Amino acid sequence: MEDGRRNVRPARLLSALAVVVALAGVAFGGWLIWGGQPLPASARNLEPTGEEGRRAADPLAVADFESGLESYAFVRSWPEIENMQFLSPVEIETYEAGGAGAARVAVSSRRPEGKVIAAVVQLRDRNAAIAAANALDAYQFEAGFERRYPVPTSVQRQAEVFPVNGTSDPERKPVVRVHYVHGNLVVRLELHANTAEDVRDRFGALLERQLKVLPADG
């Protein structure tokens, strides 16, 4: 009996140690997936999404827009996007009112049609995401944009702005911007185009790239 009791404790100790090692492995795997940085609290328990075999573990997938792609892999949360200073104060307030949390961004600055900026931001829930997308869309008209509907598309919040003759900024390039919802995410895609033809003829293909990794459902 004494020999049996002596063997019970080591066996239990080894079993507990195995559990600890397994949990540590899971934590380390998550650390690697998120670029060696701690998981943001707002990014936990998100379902994987995106193209199979390409960043499938990233629930905030951003399409690969290739040419001139700048490195913004460090962007993991809303404050980092805010600090990039490409959003207006009204847009920042809109995101924050919806509880902006985890985020991703991609910038491709040397595409033939111009500069592409894509941003995906997680809000507190789906209702907040839809409300934010609608508010961001409405704000575009105050900024001088006009409504455009690309064909075919599942996205209805697309707007364009072109320079107006006699304005104080005649060198301003055409811009097209779209907002849509995927679950509790707000996706923003914009092109600072070289010409009006680039907006009308080439933006649709860029939008389709993003829709492949995060389809629009609102």
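The values are calculated or read from the model by the stated rules, or taken from the named source; none is laboratory data. On a predicted model such as this, the values are computed, not experimentally measured, just so you know. No Cβ is skipped: glycine too gets one built from the backbone with ideal geometry, and neighbour counts run over all protein chains shown. Keep in mind that these areas ignore ligands, DNA and RNA; they rest on the heavy atoms of the full protein, side chains included. Shrake-Rupley method; radii C 1.70, N 1.55, O 1.52, S 1.80 Å.
Residues are listed down the side, and each one gets a yes or a no for (1) out of contact with any Ser or Thr (no Cβ under 9 Å at 6 or more places or on another chain); (2) surrounded by 15 or more Cβ atoms within 10 Å (Cβ to Cβ):
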site	(1), (2)
E82	yes, yes
F86	yes, no
A119	yes, yes
A128	yes, yes
A131	no, yes
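Which residues, counting only those in the stretch 186-207, are part of a strand (DSSP E or B), of a type outside the set (D, E) and either more than 25 Å from V121 (Cβ to Cβ) or open to solvent by less than 10 Å² (accessible area, probe 1.4 Å) (or both)?
First, the residues of the stretch 186-207 that are part of a strand (DSSP E or B): 186-193.
Now restrict to residues that are of a type outside the set (D, E): 186-189, 191-193.
If the condition is that a residue be part of a strand (DSSP E or B), of a type outside the set (D, E) and either more than 25 Å from V121 (Cβ to Cβ) or open to solvent by less than 10 Å² (accessible area, probe 1.4 Å) (or both), then V186, V187, R188, L189, L191, A193 are the ones that fit.
Filtered by the rule that a residue be in a helix (DSSP H, G or I), open to solvent by 10 Å² or more (accessible area, probe 1.4 Å) and either touching a strand residue (DSSP E or B) at 6+ places or on another chain (Cβ under 9 Å) or under 22 Å from L214 (Cα atoms) (or both), the stretch 139-148 gives a lone residue, F141. Whenever a residue of the stretch 105-123 is closer than 12 Å to V75 by Cβ and of a type outside the set (G, A, S), its partners that are at pLDDT below 90 and open to solvent by 20 Å² or more (accessible area, probe 1.4 Å), lying with C-beta atoms within less than 6 angstrom and at least six residues away or across chains, give the pairs V105/Y72; V107/E70.
Restricted to the stretch 58-102, and to residues that are of a type in the set (D, E, K, R) and touching a Lys or Arg at 6+ places or on another chain (Cβ under 9 Å), which residue is farthest from P215 (Cα to Cα)?
If we take residues in the stretch 58-102 being of a type in the set (D, E, K, R) and touching a Lys or Arg at 6+ places or on another chain (Cβ under 9 Å), then E91 is farthest from P215 (Cα to Cα).
Scan V75, V107 and give me the residue that is surrounded by 15 or more Cβ atoms within 10 Å (Cβ to Cβ) and farther than 17 Å from V176 by Cβ. Spell out how you get there, then give the answer.
Numbers: V107 fails: farther than 17 Å from V176 by Cβ.
Matching residue, one of V75, V107: V75.
Inspect all residues belonging to the stretch 171-181 and state whether any of them is surrounded by 19 or more Cβ atoms within 10 Å (Cβ to Cβ), part of a loop (DSSP other than H, G, I, E, B), modelled with pLDDT under 90 and under 16 Å from the mean Cα position of the chain (by Cα). Working first, answer last.
We begin by selecting, within the stretch 171-181, every residue surrounded by 19 or more Cβ atoms within 10 Å (Cβ to Cβ); these are 174-181.
With part of a loop (DSSP other than H, G, I, E, B) added as a condition, the list becomes 174.
Checking the rest, the ones that are also modelled with pLDDT under 90 come to 174.
Among the residues that remain, those that are also under 16 Å from the mean Cα position of the chain (by Cα) are: none.
No, every residue in the stretch 171-181 fails to be surrounded by 19 or more Cβ atoms within 10 Å (Cβ to Cβ), part of a loop (DSSP other than H, G, I, E, B), modelled with pLDDT under 90 and under 16 Å from the mean Cα position of the chain (by Cα).
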